[in-house]
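Colleague: The following block contains the structure, expressed as structure tokens.
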Amino acid sequence: MALAKNTHMSYVMTKKADFEITNMQCLLLENKICGVIGTGLIGKKCAAKISGLVEKVLCFDVFQDNEWIKTIPNAEYADMDTVLRNSDFISIHVPLLPQTHHLINEEAFAKMKNDVVLVNTSRGEIVHIPSLIKALEAKKLWGVALDVFEGEKKYIFHDKSKAGFRDDPDLARLSQFEHVILSSHIAFYTDQAVQQITEKTIENYMAFVGKGPKDEKAFIC
């Protein structure tokens with residue numbers, strides 16, 4: 001939404017009392033198609049939430065949930081090529097596996113529509129950064145929002161502002177694009193999530209010391 005409405009740019013400009021709108025034209029969502037790659041728990045929630053804002057939702061998953069898809073009137077499953085070629089917005093929600101490593105690469109970008117918006121909140125290695133930069137330089141994309149990115153481990157949860165991206169030229173280049181939003185792996189970081197993580201940690205500890213029921217999924221030894 002921030003990219004579609006240029007919120008990130010407007011925020012910076014209006015702090016300086018600059019309310020010029022010449023370069024602030026936005027995207028209308030209601031006639032757009034949103035592609036959701038991966039319909040696990042989070043992908044399903046994304047599809048359900050975005051469905052009320054766009055004309056159609058195209059979903060791709062290796063394991064389709066045909067009963068769930070019926071609950072969203074304007075959503076349907078499609079193959080990967082169809083999602084890439086027809087979507088105005090693409091949101092990625094797949095796990096990092098050998099099959100998904102660099103899933104969004106030069107070939108994938110070539111199939112996308114012009115002025116597509118790409119969002120990745122899954123795993124950084126899903127998107128091949130050099131290919132993304134090439135697509136941005138060719139003005140293929142309207143914008144990109146990355147809550148995760150390849151090579152993030154030495155940056156996430158740390159203040160690296162003094163050194164910047166001097167050791168990572170690709171990330172340095174990526175950060176220079178106006179229509180690229182990089183965030184600190186904070187898509188999960190909500191008040192409710194922190195509460196749930198804390199409660200689950202305490203429950204697991206109590207189970208570990210024999211003072212509570214054990215969740216077999218939480219223990220690997």
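Colleague: Take Ile90 and decide whether it is at pLDDT 95 or above, open to solvent by less than 30 Å² (accessible area, probe 1.4 Å), under 25 Å from His185 (Cα atoms) and in contact with a Ser or Thr (Cβ under 7 Å, 6 or more places away or on another chain).
Modeller: For Ile90, the condition - at pLDDT 95 or above, open to solvent by less than 30 Å² (accessible area, probe 1.4 Å), under 25 Å from His185 (Cα atoms) and in contact with a Ser or Thr (Cβ under 7 Å, 6 or more places away or on another chain) - is not met.
Colleague: Answer yes or no: is there a residue in the stretch 176-183 that is open to solvent by 80 Å² or more (accessible area, probe 1.4 Å) and in contact with a strand residue (DSSP E or B) (Cβ under 9 Å, 6 or more places away or on another chain).
Modeller: Within the stretch 176-183, one or more residues are open to solvent by 80 Å² or more (accessible area, probe 1.4 Å) and in contact with a strand residue (DSSP E or B) (Cβ under 9 Å, 6 or more places away or on another chain).
Colleague: Still on this model: In the stretch 98-116, is there at least one residue being within 18 Å of Lys140 (Cα to Cα), of a type in the set (Lys, Arg), out of contact with any Asp or Glu (no Cβ under 6 Å at 6 or more places or on another chain) and open to solvent by 30 Å² or more (accessible area, probe 1.4 Å)?
Modeller: The answer is yes; a qualifying residue exists.
Colleague: Residue under question is Ile186, and the condition is that it be open to solvent by less than 100 Å² (accessible area, probe 1.4 Å), closer than 30 Å to Glu137 by Cα and not small (Gly, Ala, Ser); does it hold?
Modeller: So Ile186 fits the description; yes.
Colleague: With the condition being over 19 Å from Leu141 (Cα atoms), I'd like the strands (runs of 3 or more DSSP E) fully within the stretch 1-84 carrying at least 1 qualifying residues.
Modeller: Output list reads 56-60, 75-77.
Colleague: Which numbered condition trips up Ser91, out of (1) farther than 17 Å from Leu182 by Cα; (2) polar (S, T, N, Q); (3) in contact with a Gly (Cβ under 8 Å, 6 or more places away or on another chain)?
Modeller: With respect to (1) farther than 17 Å from Leu182 by Cα; (2) polar (S, T, N, Q); (3) in contact with a Gly (Cβ under 8 Å, 6 or more places away or on another chain), Ser91 is out only on (1).
Colleague: Scanning the stretch 117-148 for residues that are more than 21 Å from Ala2 (Cβ to Cβ) and in contact with a strand residue (DSSP E or B) (Cβ under 8 Å, 6 or more places away or on another chain), which turns out surrounded by the most Cβ atoms within 10 Å (Cβ to Cβ)?
Modeller: The extreme case among them is His128.
Colleague: Does the stretch 76-101 hold any residues that are of a type in the set (Gly, Ala, Ser) and within 19 Å of the chain's Cα centre (by Cα), and which are they?
Modeller: Residues satisfying the conditions are Ser87, Ser91.
The values are calculated or read from the model by the stated rules, or taken from the named source; none is laboratory data. Predicted model, so just to flag it, every value in this text is computed and none were measured. No Cβ is skipped: glycine too gets one built from the backbone with ideal geometry, and neighbour counts run over all protein chains shown. Heavy atoms of the whole protein, side chains included, go into the accessibility calculation; ligands, DNA and RNA do not. Shrake-Rupley method; radii C 1.70, N 1.55, O 1.52, S 1.80 Å.
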